[in-house]
Structures are given as C-alpha cells and as structure tokens.
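Chemist: There's a structure below that I have some questions on.
All of the numbers you see were taken from the coordinates with simple rules; none came from a lab. Quick caveat, the model's predicted, so the values are computed rather than measured. Virtual Cβ from ideal backbone geometry, glycine too; neighbours counted across all protein chains shown.
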Amino acid sequence: MTVQVKTLAIVAIVAPIMAGCATKGFVRKSMADQRAQLGMQIDSSVAQERAARMSSDSTIMADVSNLRKDLDSLRTEYGAKITALQTGMQFAFPITFAFDDATIADSEKPALDQFAKVANKYYPGSVITVEGFADPAGTQAYNKKLSARRAESVKDYLSTQAGLNATEIRTIGYGENRQVVPGAKKDDAGADQNRRVVFVIENRGNASSSVAATMP
C-alpha cells in the first residue's frame with residue numbers, strides 16, 4: 001500500500017472520531033448552557049416569589065394598621081364595642097330605638113355609614129348578621145317581631161343608603177333576650193340600651209380574615 005493510500009485510510013478513520021468528539025463537546029456545552037439557563041430561571045423565580053411574599057406581608061401589615069385605626073375610630077367616635085369571635089367580629093353599637101318603634105333616627109345614621117365603610121373595605125364578601133333586640137315591655141312574641149323589624153330596618157338602610165350588598169346581610173330578632181340593663185323598659189333608665197342592634201361579621205378566609213385574627 002502506498003503512502004498516499006495509507007494517509008487517506010488514516011484520515012478516513014480519524015475524521016469520524018474527531019467529528020464524534022466535536023459532537024460530544026457541543027452536546028456537553030449545550031447541556032451546560034441549558035443547566036446555567038435553568039439555574040438562572042430558578043433563581044429568578046425564587047427572587048420573584050420572595051419579593052411577592054414580602055410585598056404580601058407588607059400589605060397585610062398595612063391592612064392591620066389601617067384596620068386598627070378605623071376600629072379605634074368606631075370606638076372613640078361612636079362608642080362601638082368590638083369583640084373578636086371564633087368565626088368573625090362582633091360590633092355592638094349604641095344604635096338604639098324609641099319605644100315600640102323600628103325607625104332609625106337620623107342621629108344614628110353616621111355610625112351606620114362608618115360601619116358600612118369598614119365592612120366594605122376589610123370584609124368584602126363576608127356575611128353580616130344584624131341582630132335586633134327589644135326591651136321587656138310587651139309579650140315575648142311581640143318583642144321578637146319588633147326586634148326583627150328593627151334588624152330589617154337597619155339592613156334596608158345599609159343596603160340602600162350605605163352601599164352594602166343586601167344578599168350578604170342576614171337579620172334575626174332576639175326580642176327581649178340578652179338585655180343590657182335587665183328589666184329596664186319604656187322610660188326606665190337604660191331601657192334604650194335594650195332596644196338596639198348588634199352586628200356580626202363572619203370571616204370568609206380572605207385577607208381580612210387574617211387581619212381580623214390579629215385584633216384584640
């Protein structure tokens with residue numbers, strides 16, 4: 001075999017090997033590039049998630065701060081007594097009624113307006129129960145109906161004048177049960193406190209629920 005033939009034969013053998021090595025090198029480089037790109041994507045996702053979590057935490061803290069201010073305003077300006085319940089929040093307002101009457105006095109409407117603002121802002125979609133009460137004058141059956149009328153009157157005002165959704169407001173009349181001043185009726189001292197309404201807001205698992213859980 002001539003030298004030229006031998007050389008061609010060697011080239012024929014070596015060329016595929018070199019090509020294979022080049023291909024493997026390219027594949028390794030491509031895989032390394034893909035791993036690096038994937039790593040960058042993961043880092044970016046982690047950074048975005050961390051930023052979103054921090055933003056969410058900041059939002060919740062801001063909501064807590066603002067809610068505290070608004071609830072303090074309800075306490076100081078309107079004398080509301082606010083209690084955290086296992087399933088939500090109870091708002092006891094000094095919203096009272098005249099004897100044997102279910103009409104909302106004009107002096108009570110600013111408190112209802114402010115309550116509606118708080119409910120809309122922090123408890124959207126939550127069920128609000130308006131509980132009505134009466135003093136012990138009259139029969140239990142009559143007082144229960146009267147207290148239910150008072151609750152319905154408040155519901156009507158909240159839904160038509162204060163911007164709350166009527167489908168999310170329930171009413172119930174408790175009559176002369178749970179008297180604030182036991183036995184006080186008609187013109188007795190403290191009888192007006194028995195003729196009142198109380199609000200209960202049920203949490204619905206939204207952001208406001210976590211905010212409400214932090215309240216005293």
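Chemist: Expressed in whole Å with the largest first, what are the equivalent ellipsoid semi-axes of the stretch 63-212 derived from the C-alpha gyration tensor as the square root of 5 times each eigenvalue? Don't skip to the answer; put the middle values down first.
Modeler: Details: eigenvalues 141, 46, 39 Å².
Semi-axes, largest first: 27, 15, 14 Å.
Chemist: Now for a separate question. Taking the Cα centre of the stretch 63-212 as origin and charging only Cβ (+1 Lys, Arg; -1 Asp, Glu), how large is the dipole, in debye to the nearest 20?
Modeler: Values: 19 positive and 19 negative charges, 64 e Å.
Taking the Cα centre of the stretch 63-212 as origin, the dipole is about 300 debye.
Chemist: Okay, moving on. Once you list every other residue whose beta carbon is under 13 Å from the beta carbon of D135, what net charge do they have if Lys and Arg are +1 and Asp and Glu are -1?
Modeler: Working: positive: K144, R150, R178, K185, K186, R195, R196; negative: D100, D101, E176, D187, D188, D192.
Charge balance in the 13 Å sphere: +1.
Chemist: By the scheme Lys and Arg +1, Asp and Glu -1, what is the net charge of all other residues having a beta-carbon under 11 Å from that of R178? Write out the running numbers ahead of the final one.
Modeler: Details: positive: R196; negative: E131, E176.
Within the 11 Å Cβ shell, the charges total -1.
Chemist: Still on this structure, please answer the following. Using alpha-carbon positions, what is the distance between the centroids of the stretch 131-145 and the stretch 158-203, in Å?
Modeler: First find each Cα centre; the distance between them is then 11 Å.
Chemist: Taking amide H positions as placed in the peptide plane 1.01 Å from N, state which residues far from N177 in sequence (5 or more) or on other chains have amide H under 5 Å from it.
Modeler: A134
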